[in-house]
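**Student:** Please find one structure pasted underneath; my questions will follow.
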Amino acid sequence: MSSGLTDLYQEVILDHSRNPKNFGAPEESNRQARGNNPLCGDRVSVYLTVEGDHINDAHFDARGCAISIASASMMTEMIKGKTVAQAKSLFDRFHALVTSDAEGEADEDLAELASLSGVRAFPTRIKCATLAWHAMSAALDGADEDVKTE
Ligand code: ZN
C-alpha cells in the first residue's frame, strides 16, 4: 500500500466505515435507490423519508470498501433535515471537491466530507466516494432503480 493510499484512509474515514451511522434498511422509507460500483464491488442502497420538500430521515445499507461506506455514512448524517435542494447542492459541491484538480478548500458545509477529498488522486476511488450520493440523487428523483457509476 503506497503512502498516498494510506493517507486516503484517514481516521475519520475508518471511524465511519467501522461504525457507520444510519446503517441498515429502515422499517419505513418512501424513496430508495441502489448504487453499484462494479470496479470495486461496492453496492449501496439508500433509503429516504421525504415529506414535502424535506428529507426527514436517511439510511443506507451497503457492502463495499471503507470509502464507499464512510461516504454513505457521512452523507446520511448530513442530508437528514435538509431540503431536497440543499441535499442536491451538497452533492454538487462534494462532487466538485473529489473530482477537482485544484487543491480547493472544502466549504464549511462539507465538514467531514473533506476527509474524502484524497480520492481525487485515485480516479477509481472517486466512484467509491460518490456512489451513495448518486443513489441518493436517484432516490430523490424518484428513480427506484439501480444506479451505476459508469
Ligand atoms: Zn470502493
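**Student:** Where in region 80-102 does the label zone of Thr124 land, with the point 7 angstrom along Cα→C-beta and an amide N cut-off under 19 Å?
**Tutor:** 99
**Student:** Sticking with this one: Among Arg125, Arg34, rank each residue by its count of other Cβ atoms within 10 Å, from fewest to most, as a rough exposure measure.
**Tutor:** Arg34, Arg125
**Student:** Name the long-range amide H neighbours of Val50: under 5 Å, sequence gap of 5 or more, or other chain; modelled H, no Pro or chain starts.
**Tutor:** When sequence neighbours closer than 5 places are left aside, the close amide H contacts are Asn30, Arg31, Asn56.
**Student:** Right, here's the next one. Where is the GNM fluctuation largest for the chain (alpha-carbon springs, 10 angstrom cutoff): Ser117, Ser73, Ser29?
**Tutor:** Greatest mean-square fluctuation among the candidates belongs to Ser29.
**Student:** Top mean-square fluctuation among Leu140, Leu90, Leu39, Gaussian network model of the chain, C-alpha springs under 10 Å?
**Tutor:** Its mean-square fluctuation being the largest, the pick is Leu39.
**Student:** What are the equivalent ellipsoid semi-axes of the chain, built from the alpha-carbon gyration tensor (square roots of five times its eigenvalues), in whole angstrom, biggest first?
**Tutor:** Three semi-axes, in Å: 23, 16, 14.
**Student:** Ignoring everything except DSSP H segments at least 4 long, calculate the 222 nm mean residue ellipticity for the chain; use -39,500 (n - 2.57) per segment, divide by total residues, nearest 500.
**Tutor:** -13000 deg cm²/dmol, from helical runs alone.
**Student:** From the phi angles alone, apply the Karplus equation (6.51, -1.76, 1.60; θ = phi - 60°) to region 36-49 and give each ³J(HN,Hα) in whole Hz, x where the residue is Gly or Pro.
**Tutor:** 9, 10, x, 4, 10, x, 7, 10, 9, 10, 10, 10, 10, 10
**Student:** Return, ordered by residue number, the residues of region 116-137 whose backbone nitrogen is under 19 Å from a label point located 7 Å along Cα→Cβ of Arg18.
**Tutor:** Flagged as within label range: 116.
**Student:** Whole-Hz Karplus ³J(HN,Hα) for region 13-22, in order, using 6.51 cos²θ - 1.76 cosθ + 1.60 and θ = phi - 60°, x for Gly and Pro?
**Tutor:** Along region 13-22, the couplings run 5, 5, 4, 5, 6, 7, 10, x, 7, 6 Hz.
**Student:** Using DSSP, restrict attention to beta bridges with both residues in region 3-148 and report what percent are antiparallel, rounded to the nearest 5.
**Tutor:** 80
**Student:** Same structure, new question: Just flag the GluC sites (Glu not before Pro) in region 22-113 sitting in loop per DSSP whose Cβ has no more than 13 other Cβ atoms within 10 Å.
**Tutor:** Qualifying residues, ordered by number: Glu27, Glu28, Glu103, Glu105.
**Student:** Label Ala111 and Asp53 with points 7 Å out from Cα along Cα→Cβ: what is the distance between them in nm?
**Tutor:** For Ala111 paired with Asp53, the spin-label model returns 2.2 nm.
**Student:** Which of Ala135, Ala66, Ala58 moves the most in a Gaussian network model of the chain with Cα springs under 10 Å?
**Tutor:** Sorting by GNM fluctuation, first place goes to Ala66.
**Student:** Let me ask something additional. Using only alpha carbon pairs under 8 Å that are at least six residues apart, calculate the relative contact order of the chain and give it in whole percent.
**Tutor:** 32
**Student:** Let me ask something else about it. Give me the one-decimal nm value for the distance between modelled label points at Ala85 and Cys40, 7 Å along each residue's Cα-to-Cβ direction.
**Tutor:** Using points 7 Å along Cα→Cβ, the separation is 3.2 nm.
Each value in this text was obtained by applying a stated rule to the coordinates, not by laboratory testing. Every value quoted in this text rests on a predicted model; they were computed, and no experiment measured them. Don't worry about glycine lacking a Cβ; one is built from the backbone with ideal geometry, like all the others, and counts go over all protein chains shown.
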